[in-house]
Every structure is written in C-alpha cells, then in structure tokens.
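Below is one structure, written out as structure tokens; comments come after it.
The values are calculated or read from the model by the stated rules, or taken from the named source; none is laboratory data. Predicted, not measured: the structure shown is a model, and the values here were computed from it. Here the Cβ positions follow ideal geometry from the backbone for every residue, glycine too, while neighbour counts run over all protein chains shown. We work out accessible area using only protein heavy atoms, side chains counted, and drop any ligands, DNA or RNA first. Shrake-Rupley method; radii C 1.70, N 1.55, O 1.52, S 1.80 Å.
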Amino acid sequence: MNIRTVLAFAIGPITSAGLGLITVPAIAWVYPPADVGRLNIVQIAVSFGVLLFNLGLDRAYVREYHEWNDRGALLKACFTPGLALMLLVMLASMPFERRLANWLFGLGHIGYYWALMACVVVSFISRFLSLILRMQDRGMAFSASQILPKVILLLAVVALSLPVFSRTFGELEAAYLASLLSVLFVYSWNTRREWSPALQAPFPRARIRGLLDYGVPLIFAGVAYWGLDATSTLTLRSLSTLPQLAIYSVSMSFAGVGVVFQTIFTVLWAPMVYKWVAHGVDMRRVDHVAQQALAVVCAIWVLSGALSWLTDFVLPAHYAQVKYLMLCCIGEPLLYTLSEVTCVGIGITRRSMLSLWSTVAGLVVNVALSVWLVPGHGAAGAVVANATAFLVFFVARTEASAYVWRPFPRARLYAFVTLGVALSIATLVYGPRAPVHFSLVWLMLLPVVAWCFRNEWSGMYRSLLDALKSRRAYPQPEEQPGALP
C-alpha cells in the first residue's frame with residue numbers, strides 16, 4: 001500500500017477527531033448531562049445493532065474479497081441475511097416500543113425508540129458500503145464519509161442552540177440521525193458502480209454455508225465485544241446516574257486520538273495482511289509491525305497524559321473530572337488496535353471461536369469490576385474496570401494467536417501496556433491531589449518512550465522516506481476528469 005493511499009485513509013479520521021474536539025464540548029455546553037448520557041446510549045445501541053445483525057459477514061466479506069471472482073455476489077451473500085434478520089427483529093419489537101424507550105432513555109416517547117431503529121438501519125447499510133471502499137483502497141472517498149457526519153452534527157448542534165429551539169433530547173437524537181444519513185448518502189454515491197451489479201447478481205446458496213461457518217462464531221464474538229465495550233455504559237445507566245454517564249461519555253470522546261489511530265490502522269491492516277497471505281509473503285514482518293504499533297501506542301498514551309489538563313479550558317466546570325478519566329479511556333482503542341496486530345493468526349487460521357473466548361475473558365472481568373466499582377465510584381470505577389478488562393482482552397487475543405499460528409516475542413508488549421494501564425489508574429486515583437505533578441510525570445516519560453523505541457522510530461522513518469522516494473520515481477497516473485475518488 002503506497003503512501004498516497006495511507007494518507008488518503010488518514011485524512012478522514014484525523015479531521016473527524018479534530019471536529020470531535022469541537023463537537024463534544026459544544027454538546028456538553030448546549031445540552032444537560034442527562035441528555036449527553038442518553039446520546040451515549042443511542043451510540044452504544046447502534047453499535048450493538050450493527051454487530052448483531054451483520055452476523056459476522058462483514059468480516060467474512062473482508063476475508064474472502066480477494067478469493068471470490070464475483071464480488072457482487074459476495075456482497076449480496078454477506079448483506080442479505082443480516083438485513084432480513086434486522087427487519088424481523090424490528091417487527092417483533094413493535095408491541096414493546098414504549099417499554100423499550102423508557103428502559104433505554106428514561107423517557108416513554110416511542111419516537112425516541114424508532115429514531116434509534118432508523119439509526120441502526122442506516123448504520124448497518126453504511127457498514128457494508130464502507131467495506132467496498134476499504135477493499136478498493138479508495139481512501140479519499142472513505143475519508144469524506146468520516147468527515148461529513150461530524151460537520152453535519154456540529155452544524156446541527158450550533159443551530160439547535162438558538163433560542164427558537166427547545167433543546168430537547170429528541171432534537172439531539174434527530175441531529176445524530178441526520179449525520180448518519182449523510183454518511184449513507186456519500187457511501188451510496190461513491191459505491192454505486194459496485195452495489196448496483198450486486199442487486200442483479202445471483203444469490204450463491206452453495207457458498208453461503210462457508211461464509212456463515214466463518215461468520216457465525218464472529219456473531220458471538222462481536223456481541224461479546226459489544227458487551228465488553230458497553231458494560232461501563234450499561235452499569236452506569238443501571239447502578240449510577242445519567243450525569244455520571246455523561247462524564248464517562250465525554251471522557252471517552254476525548255480519547256479521540258486513540259480512536260484516530262485505531263480507525264486508520266484497522267481500516268488499512270486487515271485488507272493488507274490478508275493480501276500478504278494470498279500472495280505468500282513472509283509473515284514474520286508482522287512481528288516488526290507489532291513493535292512499531294507498540295511504539296505509536298506508547299507515544300499517544302504519554303502525550304495524552306501530558307496534555308489532558310487542556311480539557312478544563314473547553315468543558316463546563318462539572319466535567320472537571322474528565323482530565324483524569326480520559327487516560328484510562330484511551331487505553332481501550334489503543335489496546336484494541338495493538339491486539340489487531342498480535343491476533344492476526346486467529347484470522348489467518350480461521351479459528352474464529354478463539355476471538356469469542358478472548359472477548360468473553362475481557363467481558364467477565366469488565367462486568368465483575370464494574371458491578372463492584374461503579375456503585376461507589378461512578379464514572380471513575382467504570383473507566384478503571386474498562387481499562388483492566390481491555391488489558392485482559394489484549395493478552396488473551398495475543399496468546400490465542402501465538403498458540404494457533406506461531407510463537408512470537410510478547411514480553412515487551414505486555415510490559416509496556418501493563419505499565420500504561422497502571423499509570424493511567426494511578427493518575428485517576430492520585431491526580432486530583434496533585435493536579436500539576438501528574439501531567440509533569442507523563443511529560444517526563446516522553447524522552448523515555450523516544451529512547452526505548454529508537455529502533456522502531458528509525459525503521460518507520462526509513463519506510464516513510466522509501467515510500468516517498470518510490471512515489472517520486474514512479475508517479476501515479478493522473479486521474480481522469482470525473483473519475484471517482
């Protein structure tokens with residue numbers, strides 16, 4: 001994958017994170033904490049719907065993309081079963097719509113529930129269309145779909161702050177739905193030449209069994225991962241208060257730097273590694289990628305600790321705790337990203353069930369710690385449980401991959417990520433007593449990270465220079481007028 005493609009995919013997450021640093025404080029200033037907490041419930045419910053209804057066939061699409069000749073038939077085979085299941089579940093839920101709305105939001109208006117269902121449907125369709133752009137390395141089109149919803153949501157929040165609006169949760173949920181619809185429009189337009197033939201493609205009944213054999217275990221793994229990710233939200237909703245859920249939600253939003261790294265890396269990594277497998281590349285290069293990813297993870301973690309005090313300047317006073325919580329929150333996307341490298345053997349060997357058991361291990365830890373810590377400590381207890389659980393999740397995935405694929409060096413990985421989690425929890429516990437000192441400790445770790453990973457930084461720098469030189473020596477042909485990005 002050339003440097004142009006990498007940069008094209010990176011533009012979207014980076015710009016989206018920058019817009020998020022504006023959008024999240026704007027929502028926090030305009031809406032009360034209870035409504036901010038309800039929006040977090042919407043986002044968690046949408047992620048659950050997409051994970052459940054895609055039946056693991058989104059991962060099957062990525063896995064089989066380079067091995068099917070009729071990719072329209074592959075798209076149809078992966079998309080149709082989940083769509084049918086989703087519509088069936090929506091029909092079955094109609095008698096319970098008011099009860100579900102009250103359980104989720106503490107508000108019995110059925111419009112809130114059906115707006116949530118619309119968000120799920122739109123996100124489900126967008127998920128599969130996004131895979132087309134990923135597998136075709138169409139980074140600019142993918143990035144446009146990352147940026148537009150943030151712009152739409154920000155503009156909507158600014159408009160809703162005007163006195164003519166009542167600033168209700170219904171308006172906030174409608175703004176979120178509008179942002180998702182903008183994504184669907186962009187995806188639909190940019191992939192129209194791929195999904196249109198899929199409508200006419202034959203349904204490959206003979207091969208659907210193989211797709212389901214790979215994907216079905218990932219249903220449970222996906223739901224378990226959703227539980228791992230959503231446990232903090234659910235326990236805060238049931239065992240604490242909506243304002244504490246709002247603090248947790250905003251803290252997670254300010255872990256956006258880690259999410260940027262996760263988004264860029266996961267978008268590029270899976271298609272690239274399966275292409276290596278298909279072409280018989282020496283897979284020992286994964287070991288070097290893991291160490292380079294660890295260097296980036298540590299650098300992001302330390303920089304976030306050194307700069308977290310800046311959140312006080314953009315958030316209302318009742319969110320002062322965010323600067324301590326966000327360091328535990330950032331561990332989630334960073335550890336997940338690193339595990340995507342170290343667990344590659346599970347995907348290569350098609351041992352999908354190991355993904356499930358690794359996720360269940362983290363889920364059990366998260367549920368146990370959340371039930372113990374959240375009632376007494378609120379959002380602080382939730383982020384500690386989350387960080388610890390994702391550490392267990394990372395170790396479990398890494399060990400499973402080493403067992404079924406091949407052994408690789410892991411001690412250095414475990415040492416650094418365990419230290420990151422421990423320092424984040426220590427900052428949360430002791431930071432309020434010495435708010436100046438904790439940021440200085442993180443700042444002093446910057447030269448340590450630079451020295452410990454000097455070989456990795458040098459390797460990445462050389463790779464970047466080689467990519468730039470290669471691009472100058474073999475320039476890409478100019479795109480024709482009217483060509484898709």
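Give the residues of the range 257-272 that are surrounded by 20 or more Cβ atoms within 10 Å (Cβ to Cβ), at pLDDT 70 or above and either touching a His at 6+ places or on another chain (Cβ under 6 Å) or within 17 Å of residue 133 (Cα to Cα) (or both), sorted by residue number. Answer for the range 257-272, where residues must be surrounded by 20 or more Cβ atoms within 10 Å (Cβ to Cβ), at pLDDT 70 or above and either touching a His at 6+ places or on another chain (Cβ under 6 Å) or within 17 Å of residue 133 (Cα to Cα) (or both): just 265. Which one of these does residue 85 not meet: (1) touching a helix residue (DSSP H, G or I) at 6+ places or on another chain (Cβ under 7 Å); (2) of a type in the set (A, V, I, L, M, F, W, C); (3) in contact (Cβ under 8 Å) with a residue 40 or more places away in the chain? Of (1) touching a helix residue (DSSP H, G or I) at 6+ places or on another chain (Cβ under 7 Å); (2) of a type in the set (A, V, I, L, M, F, W, C); (3) in contact (Cβ under 8 Å) with a residue 40 or more places away in the chain, only one is false for residue 85: (3).
I'm trying to understand the selection: among the residues of the range 174-183, which are out of contact with any Lys or Arg (no Cβ under 8 Å at 6 or more places or on another chain) and either at pLDDT below 90 or of a type in the set (Gly, Ala, Ser) (or both)? Within the range 174-183, 174, 175, 178, 182, 183 meet the criteria.
For residue 424, state whether it is farther than 18 Å from residue 334 by Cα, small (Gly, Ala, Ser) and in contact (Cβ under 8 Å) with a residue 24 or more places away in the chain. No; evaluated as a whole, the condition is false for this residue.
May I ask you to list pairs of residues, at least six apart or on different chains, whose Cβ atoms are under 6 Å apart, with the first in the range 434-459 being at negative phi and in a helix (DSSP H, G or I) and the second being at pLDDT below 90 and open to solvent by 70 Å² or more (accessible area, probe 1.4 Å)? Sorted first by the residue in the range 434-459, then by its partner, the pairs are 439/309. Scanning the range 61-84 for residues being assigned to a helix (DSSP H, G or I), within 22 Å of residue 280 (Cβ to Cβ) and of a type in the set (A, V, I, L, M, F, W, C) gives a total of 1.
For the subset of the range 399-429 comprising residues that are open to solvent by less than 30 Å² (accessible area, probe 1.4 Å) and under 23 Å from the mean Cα position of the chain (by Cα), which member is farthest from residue 285 (Cα to Cα)? Talk me through it step by step, then tell me what you get.
If we filter the range 399-429 for residues that are open to solvent by less than 30 Å² (accessible area, probe 1.4 Å), which is where we start, we get 400-402, 404, 408, 413, 417, 420-421, 424, 427-428.
Adding the requirement that they be under 23 Å from the mean Cα position of the chain (by Cα) leaves 400-401, 413, 417, 420-421, 424.
Values: 400: 19, 401: 15, 413: 16, 417: 21, 420: 25, 421: 27, 424: 31 Å.
Once the filter is applied, the top-ranked residue is 424.
Taking every residue in the range 324-349 that is closer than 22 Å to residue 385 by Cα and pairing it with any residue that is of a type in the set (Lys, Arg), at least 6 positions away or on another chain, the pairs with Cβ-Cβ distances below 6 Å are 339/397. If only residues of the range 44-88 that are among the hydroxyl-bearing types (Ser, Thr, Tyr) and either modelled with pLDDT under 80 or closer than 19 Å to residue 227 by Cα (or both) are counted, the one that is surrounded by the most Cβ atoms within 10 Å (Cβ to Cβ) is 65. Consider the range 278-329 and keep the residues that are among the acidic types (Asp, Glu) and over 24 Å from the mean Cα position of the chain (by Cα). The one that is surrounded by the most Cβ atoms within 10 Å (Cβ to Cβ) is 312. In the set (1) exposed (fewer than 15 other Cβ atoms within 10 Å of the Cβ); (2) in contact (Cβ under 8 Å) with a residue 12 or more places away in the chain; (3) of a type outside the set (Lys, Arg), residue 35 fails one condition alone, (1).
Filtering the range 184-206 to residues that are among the hydrophobic types (A, V, I, L, M, F, W, C), modelled with pLDDT under 80 and surrounded by fewer than 18 Cβ atoms within 10 Å (Cβ to Cβ) leaves 199, 201, 203, 206.
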